[in-house]
Structure formats: C-alpha cells, structure tokens
Amino acid sequence: MSAEQAEQMDVQMPDWSAYRGVLIVVEQRGGEAKKVSWQLLGKGRELADKLEAPLMALVMGDKVEHLAKEAVGYGADKVYLCEAEELKEYRTRPYSRICLKLIHDIKPEIVLFGATGTGRDLAGAIATHLPTGLTADTTQLDVEPHPSRLLMASRPAFSEKMMATILCKQYRPQMATARAGVFQALPRDDGRQAEIIRIDNLMHEEEIAAKVLDFISESGKVNLEEAEVIVAGGRGLGGPEPFAMLKELADALGGEVGASRAAVDAGWISHDHQVGQTGHTVRPKLYFAIGISGAVQHTVGMSNSDLVVAVNKDPEAPIFQFAHYGITGDLFKIVPAITEAVKKKKGMFGIEQPQSGSAAHPVNA
C-alpha cells in the first residue's frame, strides 16, 4: 500500500484506535463448552497474533469457572468470567446485557461467536444494540494488517457458487459467527497462565421476562459437527433404502450418517444429515464418502477430515483427489464387506492416518 493510499484510507476511515483485541464468546450448556468455542479460540489466536493484539474470552453461566481455566488452556490471554444462578440456562436478555457491557468496557476490535442456534441469537441481539455489522455462518476468517486491521469474513454466496468476503469498515467491533468444524482448536495446555477477571451479572431473576421451565433434549437427532466418524452417502446410492446399509456401518464404527446435497434434495434423507456448504462443515477423524462424486459444494464441508475413505464406481471421480484411500467398485458389495470386517474386529479396530495432502490411489474391488 502506497503512502498516498494509506493517507486516503486514514481520511475515509473513522478512528478506531481505541478498539484492540479479539474476543471469543464461549458457548456452554450444562457446564460443558461447545467444541466450536475452542475452535474459534484456535482461529482467534492466529488473528490476534497477526494484529499484535490480545486474545480474550468471555465465559458466562452458573458454576463455570472450570471453563474459564479451559479457555486459558486453549489459548486465551485473558478470560472474563460471569457466574450467576440466573445464567444457568441461556436467555437472550441477560446474556446480551453482559456482552454489551463488556464490549463497551474493553472495546475489542473483533468479536466471534459459534454459528449455533444460541450463537446466532446472541450475536444478532448484540449487533442490533451496538449497532455494528455481523457476518453470519462464516467459513473463512482473516485480517488485513495495519492500518485497516479489517476482519475479512467469508461465507458461501450466490447459491453456493462463490465465496463472498464481507468487510465492516465503518463500525466497531467487527462481528461474525463461524460454523463448527471449520477451524481447529489448539492443543490444550493446562500449564498456561492467564488472568481470569470476574465480572458482575447485570440482571436479577425478577427482571428477566423469559423463564426456563424445563429443557428437553431431542433424542435421535444427528450431531455431525461433533462426530468422530461419519459415513456419508450420495447420488450413487440410487435411492433412500441404501442409507440403512450406511447406518449399519456407522453404528459399527460408533459414528453418524451423513449425506451429499444431491441425496438430500432427492428426498432420500433429511437435511440435518447434509454435509457441505449448505449443510454442516465437519472435522471427523474418519469420513467415508460412499457414492459421492466430490463436487466442491460437498468437499468444502468435509475436506478437514483427518482420514477420508472414498468408495465410487468411477475411478475418475473428483472425490478421489480428496481421499486418503479410495476403492473403485460396486458399493453394494464393498460397504457390507467393510461392515462385516469392522464387526469382527470391533474393540481392536485402529486407524492409521496417512500423510496429509496425498491423493488417494484407488484400488479395484
């Protein structure tokens, strides 16, 4: 950037020099943090280092001091902790009041939330009150260096055909929600030391209109974002019935069933199983791609898997470029054979991860 361009930017941009640092809002339920929070701390560490600014975390809840200590272990330089019985269950108003007060006091230049139901609700409420911009469901985050220090928040756009990078030039803080499974948490270091600062709860129970009578968890709902094993099926299955075959393999491996957009659009399986730009972004230890061609809309959602095994009758299928191991042949023979082998070795089954970045070498079956 030339001196003239920098001078023009200084004229056009408001003075945000008082805003410094990256703040991650840690989401928890029942005293257990959502994995996306630690993933965001990992990404936040990278952003904060580029900006030469502190990485901070906010933990809210009842009896959650242990999560503040975990946040330190996952990379936070400073943790703000608010504990109160009124915060045991998430409610928009008390949580947003705490966030707004803290943002006003410490002035972070970037605030990040998980793109969960709770994260979307809380981030939207805060952005409305500040006001500032909010980029939802991001899959890529980066920052421009000084003098702009702009957050580059990217997400799929135009029917998933391209990525849009959104900038918030005129307001601070810059805010975004990010999908689970996109970023990687740092290895937890329980020996790290950082300041934990307690802050006050701002609302008493009688001031909160919403009351939590009970919390009923959904049974049988798929949880792809935290699954360590996913067996996903695509157009090559030919219909809904073969998903029972995939379910058998997933059960044997202790995993979940996923699907491509083509299978979901065809009505073969519900949308909550979808992996990809318009579905879930996942980071399992083992990912089976069964009858999936490997279109970019799908691979962007599973490319961070530790180990990918692809099964497809077409040896030239693009999915093999993302797979560590590939099998070409009839999936209706191959999948039952794998399932049977897993069942026989259950309890002793181990997976050795190959070198990352290597393409699969399909073998005929």
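The values are calculated or read from the model by the stated rules, or taken from the named source; none is laboratory data. Bear in mind the structure is a predicted one, so any value in this text is a computation, not a measurement. Glycine gets a Cβ as well: all are built from the backbone with ideal geometry, and neighbour counts include every protein chain shown.
If you check Gly239 against the conditions, is it modelled with pLDDT of 90 or more, assigned by TED's automatic domain parsing to the domain that holds Phe288, surrounded by fewer than 21 Cβ atoms within 10 Å (Cβ to Cβ) and assigned to a loop (DSSP other than H, G, I, E, B)? If you could, list the steps in order and put the result at the bottom.
Details: modelled with pLDDT of 90 or more: yes; assigned by TED's automatic domain parsing to the domain that holds Phe288: yes; surrounded by fewer than 21 Cβ atoms within 10 Å (Cβ to Cβ): yes; assigned to a loop (DSSP other than H, G, I, E, B): yes.
Answer is yes for this residue.
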>> Restricting to the range 183-215, name every residue that is in a loop (DSSP other than H, G, I, E, B), of a type in the set (A, V, I, L, M) and surrounded by 11 or more Cβ atoms within 10 Å (Cβ to Cβ).
In response: Ala185, Leu186, Ala194, Ile199, Leu202, Met203, Ile208
> In the range 249-308, what count of residues is obtained for those that are part of a strand (DSSP E or B) and not aromatic (Phe, Trp, Tyr)?
Replying inline: 11
> Within the range 31-90, which residues are crowded, with 18+ Cβ neighbours inside 10 Å, closer than 18 Å to Leu122 by Cβ and among the basic types (Lys, Arg)?
Replying inline: Lys34
> Restricted to the range 123-139, and to residues that are exposed (fewer than 15 other Cβ atoms within 10 Å of the Cβ) and not hydroxyl-bearing (Ser, Thr, Tyr), which residue is modelled with the highest pLDDT?
Replying inline: His129
> Is it true that some residue in the range 127-145 is free of Cβ contacts under 8 Å to residues at least 24 places away in the same chain, part of a loop (DSSP other than H, G, I, E, B), assigned by TED's automatic domain parsing to the domain that holds Gly44 and over 17 Å from the mean Cα position of the chain (by Cα)?
Replying inline: yes
>> Give all pairs with beta carbons closer than 7 Å in which a residue from the range 113-125 that is basic (Lys, Arg) meets a residue that is not in a helix (DSSP H, G or I); count only pairs at least 6 apart in sequence or on separate chains.
In response: Arg120/Ala136; Arg120/Thr177
